[in-house]
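Participant: Questions regarding the structure given below will be posed in turn.
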Amino acid sequence: MKYACIDIGGTSIKYAMLTEHGQILMQDQIPTNVEKDGSGDIPRKIAAIVCDLQDECGKAEGVAVCSPGLIDAERGEVIFAGANFPGYSGMKLREEIEALTNLPCTVENDVNAAGLGESWLGAGKGARSAFCVFVGTGIGGALVLDGKLVHGASAAAGEIGFLPLAAGSLEEMASVTALLKKTGAATGEEVFKQAGNGDEKALAALEDMARKIACGLAGICCIVNPEVLIMGGAVMSQQEFFEPRLDKYLREMLPPALLTNTRIAFAQLGTAAGFTGALRHFLQKHK
């Protein structure tokens, strides 16, 4: 069986036709163009994508979607979305997509879906408990226990970016946005290039970023004691830099007993994590 899987992003809508085992049969992307078309056009764009996928790959059994914003995964509704998606808050996304496609649909938060995808077929495969941290413009997280997402009382479980540190939240202190503010660089890649050339300011900023992220991970370990901490986001492709530092700082912050059965891993699925996790969520809801 095949499923149309959609990952809505601020810049692009990534999509793929996947088998029930997560094999990608076809994938592509289109611009989101919220500024031009508005958020209200997203369901129509998804319906057109589903039509194209079925033309290429045959009938889909359902539509698995992940989306930015605070998502009510039971109802498939957008509870709240930020300024980048004006008019998106309150949208009954699942209901609209089902009406346009005549297919069953599920909707999950994008970070949650990426974490679920990594837990299923990526860096956390086989682990009973995983906490995924995605470091980018902001910092997001997802908690997966026994293969299922933990949503919390108000669909906000895993929101590690809001964890308070001494001088601000983890997101304010350790995101890529914070890194660029400290260094004056335009991109994370530029900071690593500067550090590679011996720039002490860039090196100090990256070291501070690693230490602060480790503070967040330490809190997760104390509360969840997961088998695996999965680090994702483009900046975490610098595994050679972050892995030894995160391990070092964690061991300085926590007693050995809290880390005995916990390992740090780095995301493996790349841009496929979101729609892979969206599929996993769909299958859990419908099977």
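The values are calculated or read from the model by the stated rules, or taken from the named source; none is laboratory data. Keep in mind that what you see is a predicted model, and the values were worked out from it rather than measured. No Cβ is skipped: glycine too gets one built from the backbone with ideal geometry, and neighbour counts run over all protein chains shown. Note: areas computed on protein heavy atoms with side chains; ligands, DNA, RNA excluded. Shrake-Rupley method; radii C 1.70, N 1.55, O 1.52, S 1.80 Å.
Participant: Return the distance in nm (one decimal) between the two label points of a simple spin-label model at Thr11 and Lys148, each offset 7 Å from Cα along Cα→Cβ.
Facilitator: My value for the distance between the label points is 3.6 nm.
Participant: Using the Cα centre as the reference, give the magnitude of the dipole from point charges on the C-beta atoms of the stretch 167-273 (Lys, Arg: +1; Asp, Glu: -1; all else neutral), rounded to the nearest 20 debye. Walk me through the intermediate numbers first.
Facilitator: Working: 10 positive and 13 negative charges, 27 e Å.
Charge dipole of the stretch 167-273: 120 debye, to the nearest 20.
Participant: Could you sort Asp28, Asp55, Asp7 by accessible area so the largest value comes first, with the probe set to 1.4 Å?
Facilitator: Details: Asp28 80, Asp55 115, Asp7 20 Å².
Largest accessible area first, the list is Asp55, Asp28, Asp7.
Participant: What is the gain in length, in nm to one decimal, between Asn261 and Lys36 on full extension, counting 0.36 nm per residue of separation less the C-alpha to C-alpha distance?
Facilitator: Values: separation 225, 0.36 × 225 = 81.00 nm, distance 4.92 nm.
Gain on stretching Asn261 to Lys36: 76.1 nm.
Participant: With +1 on the Cβ of every Lys and Arg and -1 on the Cβ of every Asp and Glu, and nothing else charged, how large is the dipole of the stretch 1-157 about its Cα centre, in debye rounded to the nearest 20? Working shown, then result.
Facilitator: Values: 12 positive and 20 negative charges, 58 e Å.
Dipole of the stretch 1-157, to the nearest 20 debye: 280 debye.
Participant: While we're looking at this one, here's another question. Hey, which aspartates and glutamates would be in cross-link range of Lys2, C-alpha to C-alpha under 18 Å, not counting anything within fewer than 8 residues on its own chain?
Facilitator: Counting by Cα, and skipping residues close in sequence, Lys2 has these aspartates and glutamates nearby: Glu20, Asp28, Asp52, Asp55, Glu56, Glu61, Glu98.
Participant: A follow-up question, please. 5 Å is the cut-off here: which amide hydrogens, built 1.01 Å from N in the peptide plane, fall below it relative to Ala265, excluding neighbours closer than 5 in sequence?
Facilitator: Long-range HN contacts for Ala265: Leu229, Ile230, Met231.
Participant: Can you grab the distance from the C-alpha centre of the stretch 38-66 to the C-alpha centre of the stretch 134-194, Å, no decimals?
Facilitator: Here the two parts' Cα centres lie 30 Å apart.
Participant: So what are the ³J(HN,Hα) numbers for the stretch 82-92, from phi and the Karplus equation (6.51, -1.76, 1.60; θ = phi - 60°), rounded to whole Hz, Gly and Pro as x?
Facilitator: My calculation for the stretch 82-92 gives x, 5, 5, 10, x, x, 7, 4, x, 5, 8 Hz in order.
Participant: Right, next: Would you list Leu53, Leu121 from the most to the least accessible area, probe 1.4 Å? Each step should come with its number before you reach the end.
Facilitator: Values: Leu53 0, Leu121 55 Å².
Sorted by accessible area, descending: Leu121, Leu53.
Participant: Tell me whether the stretch 171-212 comes out rounded, prolate or oblate; compute the Cα gyration tensor, take square roots of the eigenvalues as a ≥ b ≥ c, and use a/c under 1.5 as the rounded threshold. Please list the in-between numbers first.
Facilitator: Values: a/c = 2.16, a/b = 1.38, b/c = 1.57.
Because a/c hits 1.5 or more and a/b fails to exceed b/c, the stretch 171-212 counts as oblate.
Participant: Still on this structure: Evaluate the relative contact order of the chain (contact order divided by residue number), counting alpha-carbon pairs under 8 angstrom at least 6 apart; express in whole percent. Walk me through the numbers before you get to the answer.
Facilitator: On the way: 568 pairs, mean separation 57.5, N = 287.
It comes to 20 percent, rounded to a whole number.
Participant: Picking from Ala267, Ala47, Ala167, which is most flexible by a Gaussian network model of the chain using Cα springs under 10 Å?
Facilitator: Of Ala267, Ala47, Ala167, the Gaussian network model singles out Ala167 as fluctuating most.
Participant: Along the charge dipole of the stretch 80-189, which of Ile139, Ala174, Ala114 sits closest to the positive end, that is, farthest toward it, with unit charges on the beta carbon of Lys, Arg, Asp and Glu (+1, +1, -1, -1)?
Facilitator: Ranked along the dipole, the leading option is Ala174.
Participant: Can you send over the solvent-accessible area of Leu254, 1.4 Å probe, protein chains only, in Å² to the nearest 10?
Facilitator: 20
Participant: Where in the chain are the DSSP H helices whose alpha-carbon span along the long axis reaches 18 Å or more and whose Kyte-Doolittle mean is at least 0.5?
Facilitator: Values: long enough: 42-57 (22 Å, 0.38); 200-224 (35 Å, 1.03); 239-253 (21 Å, -1.21); 273-286 (20 Å, -0.21).
Correct list, ordered by number: 200-224.
Participant: Explain nothing, just the number: relative contact order of the stretch 222-287, from Cα pairs under 8 Å at least 6 residues apart, as a whole percent.
Facilitator: Reported relative contact order: 48 percent.
Participant: Please list, in order along the stretch 165-173, the HN-Hα scalar couplings obtained from phi with the Karplus expression 6.51 cos²θ - 1.76 cosθ + 1.60 (θ = phi - 60°), rounded to whole Hz, x for Gly and Pro.
Facilitator: 10, 4, 10, x, 6, 4, 5, 5, 9
Participant: Compute a Gaussian network model of the chain, connecting alpha carbons closer than 10 Å, and tell me which residue from Gly117, Gly158, Gly58 fluctuates the most.
Facilitator: Result for the chain, Cα springs under 10 Å: Gly58 fluctuates most.
Participant: What is the distance, in nm, between label points placed 7 Å from the Cα along the Cα-to-Cβ direction at Ile223 and at Thr177?
Facilitator: Each label point is offset 7 Å from its Cα along the Cβ direction, giving 2.1 nm.
Participant: How much FRET efficiency would the formula 1/(1 + (r/R0)^6) give for Gln284 and Glu200, where r is the Cβ-Cβ distance and R0 is 30 Å, rounded to 0.05? Intermediate results must be reported in sequence, preceding the final value.
Facilitator: Details: r = 49 Å, r/R0 = 1.62.
Given R0 = 30 Å and the Cβ-Cβ separation, E is 0.05.
Participant: Compare Glu77, Glu159 by solvent-accessible area with a 1.4 Å probe and give them largest first, with all protein chains kept in place. Please report the intermediate quantities before stating the final value.
Facilitator: Values: Glu77 50, Glu159 80 Å².
Largest accessible area first, the residues go Glu159, Glu77.
Participant: Given a cut-off of under 8 Å on Cα pairs at least six residues apart, what relative contact order in percent is computed for the stretch 1-106? Please list the in-between numbers first.
Facilitator: Working: 196 pairs, mean separation 28.7, N = 106.
Relative contact order, the stretch 1-106: 27 percent.
Participant: While we're looking at this one, here's another question. Taking R0 as 22 Å, what's the FRET efficiency between Ala48 and Ala186 from their Cβ-Cβ distance, rounded to 0.05?
Facilitator: Details: r = 35 Å, r/R0 = 1.57.
For R0 = 22 Å, the calculated efficiency reads 0.05.
Participant: Next question. Figure the gain on full extension for Lys125 and Arg75 (residue separation times 0.36 nm, minus the Cα-Cα span) and round it to one decimal in nm.
Facilitator: Numbers: separation 50, 0.36 × 50 = 18.00 nm, distance 2.78 nm.
The span from Lys125 to Arg75 would gain 15.2 nm if fully extended.
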